[in-house]
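Shown next, in structure tokens, is the structure this report addresses.
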Amino acid sequence: MTPSPEAMSLRILVCVKPVQDSASGHWRMNHYDGFAVEEAVRIREHVPGSRAEAVMVGPEAAAGVLRRALGMGVDDALHIREPGSTLEPFQIASLIAAAVRTRNHDLVLAGVVSEDAAHGQLGALMAEMLDRPCATAVVRLVLEMRLSRVTVDRELEGGARERLELPLPAVLTIQSGINSPRYPALSRLLQANRRALPTVEALVLGIPPSRVALVKRCTPPGTRHGLVLEGRTEDKARELHAILRRKGLPPRPAGGRP
Amino acid sequence: MTPAAAPILVVAEHAQGRIQPGSYAAIHLAWKIQRLHPAPVQVLLPGNDPRAAAAELARRTGLAVMAIQVPGPEPSTSDVAVDALWRYLVDHRPSFLCMASSTRGLECAPPLATRLEAAHVTGVVDVLAEGGAILMGRLGCANQEIHFLEALTPTVVLNPLPGAFDADMPTPSAPGPVAWHHGPRERQRIVSRGFLPAATDFGALAAAKVVVAAGNGVGERDNLTWIQRLAALWPQAAVGGSRTLCDRGWLSHDQQIGLSGATVAPALYVACGISGAPQHLAGMRGSGLVVAINTDPRAAIMREADVCIVEDLTRFIPVFLSLVEADKLEGQ
């Protein structure tokens with residue numbers, strides 16, 4: 001993030017999603033949202049007087065995710081409590097939009113996608129619901145406060161990029177790799193743990209009805225007939241070696257004969 | 001229920017004079033739906049001046065193409081494209097609206113679904129008909145399952161998963177007709193300052209006959225040494241990896257394989273500690289022999305591999321290297 005020198009203050013909202021570990025049941029912050037939180041905190045640090053707020057839709061047990069965002073440096077947090085974890089993206093966006101609509105954030109940030117469901121819809125949905133311009137997959141952003149504008153480079157297919165200018169207020173989804181998300185500061189985490197998080201129940205905000213129903217699940221078919229090598233590690237290594245030789249792809253040790 | 005006569009529409013994309021390849025995958029998805037749910041398939045192509053691209057699309061697909069002119073500066077941006085498409089769609093509501101899973105497609109689909117009050121399913125890997133309904137499959141449970149969803153709305157917006165549908169076009173018997181839809185100048189808030197080519201050169205990866213790729217399963221940065229030593233067993237080999245490792249700076253961005261990096265098709269692809277995220281798989285599916293080394297037998301990469309080795313790479317690779325070395329000594 002590069003701020004312009006003529007900075008005024010900004011109100012930043014960053015959307016985070018709790019992701020549940022299938023083995024432990026532990027809730028953690030969606031990997032991609034870490035980059036959005038870091039970007040929000042960097043803007044807040046560089047633009048005096050700015051405030052960053054994190055918002056999350058999720059169960060009570062996932063509150064630690066918001067506390068992590070506070071530990072990373074956001075000023076405020078809002079927990080929209082919803083006990084289930086199967087809301088559709090437009091339902092999550094509707095809840096967040098209903099909660100923040102009147103708060104007039106200058107910049108709304110979200111991760112580019114969630115690591116569990118991988119819908120990749122939230123940012124564009126928020127923009128539509130809040131009537132803001134939107135750029136997705138942002139890998140570089142420059143704020144020009146005097147012009148009330150943000151210039152971004154966003155990632156296209158194959159590593160190409162497009163440069164866009166958006167007037168503020170705007171919604172951006174942040175691509176991974178734009179920054180290195182910091183570890184939460186211990187002092188801030190302790191502070192966050194002592195603090196009651198502002199909460200609002202999703203039912204109070206109103207959850208719109210689902211638009212899809214899960215009918216059935218199945219195992220994805222393989223595209224190749226994977227041969228699973230059996231036995232001890234040495235047996236598997238020997239079998240792989242034989243397969244590679246049969247396929248005309250023999251490995252040669254460094255300095256070996258051609 | 002879906003009205004039988006409502007068309008299946010595809011929104012195609014073009015930029016810098018070429019059709020975005022994901023548009024063809026969206027067309028294949030539309031054709032697959034059409035086989036289950038007979039309805040006309042038509043392509044919409046928004047753009048400042050999409051005439052040449054519309055003619056090319058009609059010629060390559062044989063489908064009817066509606067060029068939707070988006071007045072304003074070139075290249076047109078998502079905000080005006082969405083408004084222009086919406087003006088058309090409001091009078092021509094489709095049963096299914098298929099869009100590429102490109103950055104632009106995933107940016108335009110959510111606002112259109114919102115305005116159409118439509119169900120929106122991204123990452124579609126399959127569609128099937130069951131009980132009179134069209135079910136749309138997408139990956140779930142860390143890519144271990146396909147979840148088939150039924151839409152509860154008359155219109156459904158779909159983005160196919162990259163790589164799940166063919167992007168090659170059969171030669172049509174005749175070009176499709178091209179028509180025009182002119183709209184008013186829309187409120188443009190976003191300004192495009194143009195395109196920047198990929199900052200990295202994927203030449204080394206693209207030219208390699210053997211690619212040894214590392215994923216999050218390498219654990220520690222030092223373990224990349226094993227990946228490099230494994231790659232050194234073949235001439236014309238290159239080391240690549242997943243986005244996660246490139247984001248961490250463990251590998252350079254010209255080593256990134258997947259949708260936002262290089263697409264490779266070597267004779268041998270060795271995936272080490274790679275889980276098999278769809279974005280990565282889309283960049284290596286054309287490979288010859290695929291070997292996967294992973295501690296998780298259920299990892300998605302195992303379904304894409306010819307040879308599956310359920311092992312910790314830090315244990316397996318040293319054993320394999322020793323074996324190759326011993327084989328060399330025996331052969332001398």
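The values are calculated or read from the model by the stated rules, or taken from the named source; none is laboratory data. As the structure is a prediction and not an experimental result, all values here were calculated from the model. Don't worry about glycine lacking a Cβ; one is built from the backbone with ideal geometry, like all the others, and counts go over all protein chains shown. Side chains are part of the model used for accessible areas, which takes the heavy atoms of the whole protein and leaves out ligands, DNA and RNA. Shrake-Rupley method; radii C 1.70, N 1.55, O 1.52, S 1.80 Å.
To keep it simple, each residue is scored yes or no on (1) more than 14 Å from chain B (Cβ to nearest Cβ); (2) of a type in the set (A, V, I, L, M).
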residue	(1), (2)
A:73	yes, no
A:88	no, no
A:91	no, no
A:102	yes, no
A:114	no, no
A:121	no, no
A:126	no, yes
A:130	no, yes
A:134	no, no
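Only residues that are part of a strand (DSSP E or B), closer than 16 Å to residue A:112 by Cβ and either among the basic types (Lys, Arg) or modelled with pLDDT under 95 (or both): list them for the stretch A:147-161, please.
Result: A:154, A:155, A:161.
Quick check: is even one residue across the stretch A:216-235 outside any strand (DSSP E or B), more than 8 Å from every other protein chain (Cβ to nearest Cβ) and surrounded by 13 or more Cβ atoms within 10 Å (Cβ to Cβ)? Talk me through it step by step, then tell me what you get.
So the first thing to find is which residues in the stretch A:216-235 are outside any strand (DSSP E or B), and the list is A:219-226, A:229-235.
Of the ones still in play, those that are also more than 8 Å from every other protein chain (Cβ to nearest Cβ) are A:230-232, A:235.
In the following step, the residues that additionally are surrounded by 13 or more Cβ atoms within 10 Å (Cβ to Cβ) were identified as none.
No, the stretch A:216-235 has no match at all.
Residue by residue through the stretch B:218-238, note down the ones that are within 16 Å of residue B:271 (Cα to Cα), surrounded by fewer than 22 Cβ atoms within 10 Å (Cβ to Cβ) and within 28 Å of the chain's Cα centre (by Cα).
Listed by number, the residues that qualify are B:219, B:224, B:231, B:237.
I'm trying to understand the selection: among the residues of the stretch B:90-144, which are within 16 Å of residue A:121 (Cα to Cα), of a type in the set (S, T, N, Q) and either open to solvent by less than 30 Å² (accessible area, probe 1.4 Å) or more than 7 Å from chain A (Cβ to nearest Cβ) (or both)?
B:101, B:102, B:103, B:122
Within the group A:97, A:69, A:135, which residue is touching a residue at least 12 places away in the same chain (Cβ under 8 Å), within 27 Å of residue B:138 (Cβ to Cβ) and crowded, with 24+ Cβ neighbours inside 10 Å?
A:135
Within the stretch A:150-178, work out how many residues are without any contact (Cβ under 8 Å) to a residue 12 or more places away in the chain and open to solvent by less than 20 Å² (accessible area, probe 1.4 Å).
Residues in the stretch A:150-178 being without any contact (Cβ under 8 Å) to a residue 12 or more places away in the chain and open to solvent by less than 20 Å² (accessible area, probe 1.4 Å): 2 in total.
Just one of B:68, B:33, B:27 is open to solvent by less than 10 Å² (accessible area, probe 1.4 Å), in contact with a Ser or Thr (Cβ under 7 Å, 6 or more places away or on another chain) and away from chain A (no Cβ under 12 Å); which is it? Show your work before the answer.
Numbers: B:68 fails: in contact with a Ser or Thr (Cβ under 7 Å, 6 or more places away or on another chain); B:33 fails: in contact with a Ser or Thr (Cβ under 7 Å, 6 or more places away or on another chain).
It is B:27.
Looking at the structure I just gave you, is residue B:219 at positive phi, away from chain A (no Cβ under 11 Å), out of contact with any Phe, Trp or Tyr (no Cβ under 8 Å at 6 or more places or on another chain) and touching a residue at least 12 places away in the same chain (Cβ under 8 Å)?
In short, yes.
Could you tell me how many of the residues in the stretch A:197-224 are aliphatic (A, V, I, L, M) and closer than 21 Å to residue B:131 by Cβ?
Restricting attention to the stretch A:197-224, the residues satisfying the condition of being aliphatic (A, V, I, L, M) are A:197, A:200, A:202-205, A:207, A:212-215.
Among the residues that remain, those that are also closer than 21 Å to residue B:131 by Cβ are: A:212-215.
So the count comes out to 4.
What number of residues within the stretch A:179-215 satisfy the criterion of being at pLDDT below 95, open to solvent by less than 70 Å² (accessible area, probe 1.4 Å) and either facing chain B (nearest Cβ under 9 Å) or outside any loop (DSSP other than H, G, I, E, B) (or both)?
The qualifying residues number 2.
Would a scan of the stretch B:212-228 turn up a residue that is aromatic (Phe, Trp, Tyr) and farther than 19 Å from residue B:81 by Cα?
Yes, because at least one residue in the stretch B:212-228 is aromatic (Phe, Trp, Tyr) and farther than 19 Å from residue B:81 by Cα.
Filter the stretch B:281-332 down to residues that are free of Cβ contacts under 8 Å to residues at least 12 places away in the same chain and in contact with a helix residue (DSSP H, G or I) (Cβ under 9 Å, 6 or more places away or on another chain) and give me whichever is nearest to residue B:161 (Cα to Cα).
Checking each candidate, the answer is B:315.
Would you call residue B:14 open to solvent by 30 Å² or more (accessible area, probe 1.4 Å), touching a strand residue (DSSP E or B) at 6+ places or on another chain (Cβ under 9 Å) and touching a residue at least 12 places away in the same chain (Cβ under 8 Å)?
Considered against the rule, which asks whether it is open to solvent by 30 Å² or more (accessible area, probe 1.4 Å), touching a strand residue (DSSP E or B) at 6+ places or on another chain (Cβ under 9 Å) and touching a residue at least 12 places away in the same chain (Cβ under 8 Å), residue B:14 comes out as yes.
If I filter the stretch B:293-307 down to residues being out of contact with any Ser or Thr (no Cβ under 9 Å at 6 or more places or on another chain) and surrounded by fewer than 24 Cβ atoms within 10 Å (Cβ to Cβ), which single residue comes out as farthest from residue A:244 (Cα to Cα)?
Restricting to residues being out of contact with any Ser or Thr (no Cβ under 9 Å at 6 or more places or on another chain) and surrounded by fewer than 24 Cβ atoms within 10 Å (Cβ to Cβ), the top hit is B:298.
Taking the stretch B:255-281 only, how many residues are open to solvent by 30 Å² or more (accessible area, probe 1.4 Å) and more than 9 Å from every other protein chain (Cβ to nearest Cβ)?
Number of matching residues: 3.
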